[in-house]
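The values are calculated or read from the model by the stated rules, or taken from the named source; none is laboratory data. Since this is a predicted model, take the numbers as computed values, not measurements. Cβ coordinates were reconstructed from backbone atoms using ideal geometry, including for glycine residues, and neighbour counts include every protein chain displayed. Note: accessible area is taken over every heavy atom of the protein model, side chains too, but ligands, DNA and RNA are not part of it. Shrake-Rupley method; radii C 1.70, N 1.55, O 1.52, S 1.80 Å.
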Amino acid sequence: PIDGTLIGKVTETAKQDYDNIIQKAITAFGIWRKKPAPLRGEIVRQLGQKLREKKEHLAKLVSYEMGKPYQEGLGEVQEMIDICDFAVGLSRQLHGHTMHSEREEHRMYEQYHPIGIVGIISAFNFPVAVWAWNTALAWVCGNVCIWKPSEKTPLCAVACQNIVTEVFAANNLPEEISNLIHGDAKVGEFLAKDTRIPLVAATGSTKMGKIVAQQVAGRLGKSLLELGGNNAIIVTPNANIKTTVLAAVFGAIGTAGQRCTSTRRLIIHESIYEKVKNALQNAYQQIKIGNALDENNHMGPLIDSDAVQNYVNALKQVVAEGGNILVEGGALSGKKYQSACYVKPAIVEAENTFTTVQQETFAPILYLIKYTGDLENAI
């Protein structure tokens, strides 16, 4: 999305190829599960070290393919490194329990066993970190993984697979401990409906989550879902306005508003409403938009033209409902914005009851909502 150019192609995974991958994953699981947990932790430690060595390169790819600022790309890779460190510690803490039995000359104990193949479906906005969060923990527990990244950021996934392949090769372990498939929702259904995959971890929209949850539950599988949000910051009369503005601006424009944790609503007490509003309007005038690899810019593009259209439609809808535009948004064009995926962050005065405000628009739109007196009634 940075410049609209073609940077690579991947092949969508066909069902036959998927079934071949499953069989290889099952074989790899038979080998991996027998390795002691501390040894599995050592492999994860080596992955963390590889990520340290390749941090800048992977961060630039994340920024270039997904569109988030380079600084955020570095932060995302650091999250991968951090989860590896965390998982290494856990690899020596997979304790069970011993218990007294009511039967003579008997003891009872419990121990943990890996469940098998963990399916991972990730979203475009965090194209590498979400995979690492799931994978590092699954691996130390003795599981193998099959990853379907977003079809909008496949090259980041290819890069990660190449990195883990280096680690496995150096340790004479099968590459199929980590597996990669590509495609849209149809390919995601391969994972969700497959009885050979006991757990599916999926990140994405609430709509997607409901579909995956039903498909996995329909076969009595387990699911871990991280879905959308419509988050609010509540600003009370004694709030520090400088801190509030810094948090709200980063929360609203970070990753161009394409996070489940993005700030969508600012619920402000009437006694400081004007001060906060004016401070925000001033802050938004200083936001620099452009190529995400340029560290002077604060905000990069949206992921694609569909996202831009959703953003434009949301602004039209909230105005039709009675919203008041404070900081004008809109799509950006011109030589500087070659991909047509760049937009301006917008601020809108609105009511919390507006339909648009109650929906998550994955874009940099911040709604200001004034409340008086009782906070509970305002929310």
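Its Cα centre serving as origin, region 104-174 has a Cβ charge dipole (Lys and Arg +1, Asp and Glu -1) of approximately 380 debye. Note on the chain: GNM, Cα springs under 10 Å; of T361, T135, T244, the largest mean-square fluctuation is that of T244. Using a probe of 1.4 angstrom and keeping all protein chains present, the accessible surface of the chain works out to 48 square angstrom per residue. The GNM of the chain, with springs linking C-alpha atoms under 10 angstrom apart, assigns the highest mean-square fluctuation among E102, E42, E351 to E102. Could you calculate the FRET efficiency of M99 with E53 from 1/(1 + (r/R0)^6), where r is the beta carbon distance between them and R0 is 45 Å, rounded to 0.05? Taking R0 as 45 Å, the efficiency between M99 and E53 is 0.50. The relative contact order of region 129-257, computed from alpha carbon pairs under 8 Å that lie at least 6 residues apart in sequence, is 18 percent. Rg/Rh, computed from the Cα trace of region 1-95 with Rh as the Kirkwood radius, has the value 1.09.
By accessible area, using a 1.4 Å probe on protein heavy atoms only, the chain has 51% of its surface on carbon and sulfur. The alpha carbon centroids of region 144-169 and region 225-292 are separated by 34 Å. Computed packing ranks the peptides 278-285, 120-127 as 120-127, 278-285, most packed first, by mean other Cβ atoms within 10 Å. Quick note on the chain: its Rg to Rh ratio, both from C-alpha atoms and Rh being the Kirkwood radius, is 1.03. In the structure shown, the pairs K9/K193; K55/K222; K68/K242; K148/K316; K9/K207; K316/K370 are assessed against 29 Å; a Cα-Cα span above that value is assigned to K55/K222; K148/K316. Here the dipole of the chain is about 380 debye; that uses its Cα centre as origin and unit charges on the Cβ of Lys and Arg (positive) and Asp and Glu (negative). Sort region 201-256 into rounded, prolate or oblate with this rule: let a ≥ b ≥ c be the square roots of the eigenvalues of the Cα gyration tensor; rounded if a/c is under 1.5, and if a/c is not under 1.5, prolate when a/b is larger than b/c, oblate otherwise. Here region 201-256 falls in the prolate category. In region 47-105, taking the dipole from charged Cβ atoms about the Cα centre, the farthest positive-side position among C84, H100, V62 is held by V62.
Using a 1.4 angstrom probe on the protein heavy atoms only, line up Y109, Y367 by accessible area, largest first.
Y109, Y367
Only Lys, Arg, Asp and Glu carry charge here, each on its Cβ (+1 for the first two, -1 for the last two); on that basis region 1-127 has a dipole of about 420 debye about its Cα centre. For region 182-281, GluC sites (Glu not before Pro) meeting the loop criterion (DSSP other than H, G, I, E, B) and having at most 14 other Cβ atoms within 10 Å: E270.
Once you order the gyration tensor axes a ≥ b ≥ c over the Cα atoms, which shape class does region 243-293 get: rounded for a/c under 1.5, otherwise prolate or oblate by comparing a/b with b/c?
oblate
How do 61-69, 317-325, 202-210 rank on mean C-beta neighbours within 10 Å, highest first?
On the way: 61-69: 25.7, 317-325: 15.2, 202-210: 17.7.
In decreasing order of mean packing, 61-69, 317-325, 202-210 become 61-69, 202-210, 317-325.
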